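Chemist: So that we are looking at the same thing, I have put the structure below in structure tokens.
The values are calculated or read from the model by the stated rules, or taken from the named source; none is laboratory data. Only a predicted model underlies this, so the values are computations on that prediction, with no experimental measurement involved. Methodologically, a virtual Cβ is constructed for each residue, glycine included, from the backbone with ideal geometry; neighbour enumeration extends over all protein chains shown. Heads up: the accessible areas ignore ligands, DNA and RNA and are worked out on the full protein's heavy atoms, side chains in. Shrake-Rupley method; radii C 1.70, N 1.55, O 1.52, S 1.80 Å.
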Amino acid sequence: MADLQFRTPKGTHDVLPEDQQYMTYIKKAVRHRARQAGYRRTEPPIFENKGIFERGIGLHTDIVEKELFMVSGKHNADEAEKQFALRPEFTAGICRSYIEHGMQQLPQPVELYAIGPCFRYDRPQKGRYRQFHQFDLEVIGLRDPSLDAQLIHVVTKIMSDLKILKRLNLQINNIGSSENRAAYVEALKDYFIGKERNLPEDDQKRLQTNPLRLLDSKEEDTQILLRSAPTLDQYLSDESKHYHETLLEYLDELGIAYTPNAGLVRGLDYYNQTVFEFWDQSTGAQNAVGGGGRYDGLIEQLGGKPTPGVGFAGGLERMIWHMKEAGVKAPNKDHVDVFVAQLGPEAKKRCLALVSQLREFGVHTVGALGEASLKSQMRLADKFEARYTLLLGKMEVKEGTIILRDMRAGKQRQMKYEEAIPEIIASLGKENLDTYVLRDQMESSDD
Ligand code: HAM
């Protein structure tokens, strides 16, 4: 690689045009399915008071302990420095927004979705970046297994539209109420009394700060010890069990395949009852494409009235990776229909208007408005893979004509200047013109 002075920071990357096509395609699928199901788009700020994430996601989670991207700011020397963090996810910010804007007054549940960049100061590796993109769905205000089932259904529809559902495996678990978990955590701590020294250092710490995280520890020693430890499902209340059974019945009803996984706990503290993840069929827990669950205590935790919620977030980079692996092509709308070549000042002037008119008709047009020779302009037309080239030289200007070259057929003919645009439109076909009309005033933007 060239010895460049400036490169993208570690763990970030440029989303180049080819990947933008995938991004746009995914966003369209998300928007379509979300709208169908009554979700409305929202977006919390990219940075928030860090306390929102500490309280929401949990102080002793990897995301908050190790991965928050801190941003501090103050206007002048006397002012106390404010501590913000770049959003590592959407859920905490959206719940803050729900409280701040009094959304409990709206008909419940409030269904919101968001798409955009998130930031985690993690050690970069394949599928794990410091800036990545999530699409996020949240259903706030009601608690019922049918809402969990419907949310999962919308996600499976999106994955299926993008032709990657078959590559994924839905893992699902119920981690009970906070009381169930508190009782279990006590039992787990008791079990480990006298065994702490056999745990790797990181897991010894986890035992103190967040014992549930031991369950998805990657350490072999921990996993061996856990084999004879009490399990979370032994501590689930009948109500939690019933909730889960009903959810699974609903998933069956909707024809959604899943794998029950009693060890699935997820890395964020706000969950209760349902948790689920979409795993890669081949690699399993590593690099899940998305995950979510129920968070009935989060809004209260952030200072609102007790309000239940359930949600999901998928990682766009990991989805794009799967689409590429599966050979799914995102539609390429960046092609060039017409390349306009010119020679001489008069021709150039005419070309300016011609290029603009063609574009207005919805023809993707590139004009060679530099001073290059006709030959090099034609080479350029080839490189752009233009369907047609329009040639205007001094002679043509004088005669009021123009040359139209079909680049695929390698044939060209001269015609009256006025005939060029109708001819191009007829050859391309009206249905292939890129005339973007706002369907109505309320249509949302494309990004
Ligand atoms: P999460 O499991 O932390 O959940 O992240 C969801 C998805 O975001 C992951 O499955 C992955 O695809 C993607 N992702 C996370 N971190 C990275 C990274 N460093 N690089 C690339 N992709 C990444 C949440 O964020 C929850 N807010 C989901 C949720 C919504 N729960 C309830 N509502």
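Chemist: Can you tell me how many residues in region 267-287 are free of Cβ contacts under 8 Å to residues at least 24 places away in the same chain and near the ligand (Cβ under 7 Å from one of its atoms)?
Modeler: Residues that pass the stated criteria total 0.
Let's see how each residue does on (1) more than 23 Å from Pro260 (Cβ to Cβ); (2) among the basic types (Lys, Arg):
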residue: Asp190; (1), (2): yes, no
residue: Ile193; (1), (2): yes, no
residue: Asn198; (1), (2): yes, no
residue: Asp202; (1), (2): yes, no
residue: Asn210; (1), (2): yes, no
residue: Leu214; (1), (2): no, no
residue: Lys218; (1), (2): no, yes
residue: Gln223; (1), (2): no, no
residue: Ala229; (1), (2): no, no
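Quick grid of which residues meet (1) surrounded by 10 or more Cβ atoms within 10 Å (Cβ to Cβ); (2) touching a strand residue (DSSP E or B) at 6+ places or on another chain (Cβ under 7 Å):
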{"residue": "Lys28", "(1), (2)": "yes, no"}
{"residue": "Ile46", "(1), (2)": "yes, yes"}
{"residue": "Asn49", "(1), (2)": "yes, yes"}
{"residue": "Gly56", "(1), (2)": "yes, no"}
{"residue": "Leu59", "(1), (2)": "yes, no"}
{"residue": "Gly73", "(1), (2)": "yes, yes"}
{"residue": "Asn76", "(1), (2)": "no, no"}
{"residue": "Glu81", "(1), (2)": "no, yes"}
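Chemist: What residue, among those in region 85-123 that are over 21 Å from Gly292 (Cα atoms) and open to solvent by 40 Å² or more (accessible area, probe 1.4 Å), is nearest to the ligand (Cβ to nearest atom)?
Modeler: Ranking the candidates gives Arg123 first.
Chemist: If Glu249 meets every condition in (1) within 25 Å of Leu59 (Cβ to Cβ); (2) open to solvent by 20 Å² or more (accessible area, probe 1.4 Å); (3) away from the ligand (no atom under 16 Å from the Cβ) apart from one, which number is that one?
Modeler: Result: Glu249 passes all but (1).
Chemist: Among the candidates Gly304, Gly362, single out the residue that is surrounded by fewer than 22 Cβ atoms within 10 Å (Cβ to Cβ), assigned by TED's automatic domain parsing to the domain that holds Lys166 and more than 27 Å from the chain's Cα centre (by Cα).
Modeler: Gly304
Chemist: Just one of (1) part of a strand (DSSP E or B); (2) open to solvent by less than 20 Å² (accessible area, probe 1.4 Å) trips up Trp279, so point out which.
Modeler: (2)
Chemist: May I pose another question? Kindly list, by first and then second residue, each pair from a residue in region 129-140 that is in the same structural domain as Val310 (by TED's automatic domain parsing) to a residue that is charged (D, E, K, R) and open to solvent by 20 Å² or more (accessible area, probe 1.4 Å), limited to pairs with Cβ atoms under 6 Å and residues at least 6 apart or on different chains.
Modeler: Phe132/Glu317; Val139/Glu111
Chemist: Note down all Cβ pairs under 6 Å where the first residue falls in region 170-194 and is assigned by TED's automatic domain parsing to the domain that holds Gly290 and modelled with pLDDT of 95 or more, the second is open to solvent by less than 20 Å² (accessible area, probe 1.4 Å) and aromatic (Phe, Trp, Tyr), and they're at least six residues apart or on different chains.
Modeler: Leu170/Phe278; Ile172/Phe276
Chemist: Residue by residue through region 290-313, note down the ones that are in contact (Cβ under 8 Å) with a residue 40 or more places away in the chain, at negative phi and either of a type in the set (Phe, Trp, Tyr) or part of a loop (DSSP other than H, G, I, E, B) (or both).
Modeler: Tyr295, Asp296, Gly297, Leu302, Gly304, Lys305, Thr307, Pro308, Phe312
Chemist: A further question follows. Looking at (1) open to solvent by 90 Å² or more (accessible area, probe 1.4 Å); (2) in contact (Cβ under 8 Å) with a residue 60 or more places away in the chain; (3) not hydrophobic (A, V, I, L, M, F, W, C), find the lone condition where Gly38 falls short.
Modeler: Condition (1) is where Gly38 drops out.
Chemist: Report those helices (runs of 4 or more DSSP H) wholly inside region 1-81 carrying at least 2 residues which are more than 18 Å from the chain's Cα centre (by Cα) and not basic (Lys, Arg).
Modeler: Here the list reads 50-57, 62-65.
Chemist: Right, here's the next one. May I ask you to verify whether Asp144 is among the charged types (D, E, K, R) and either away from the ligand (no atom under 12 Å from the Cβ) or open to solvent by less than 20 Å² (accessible area, probe 1.4 Å) (or both)?
Modeler: Answer is yes for this residue.
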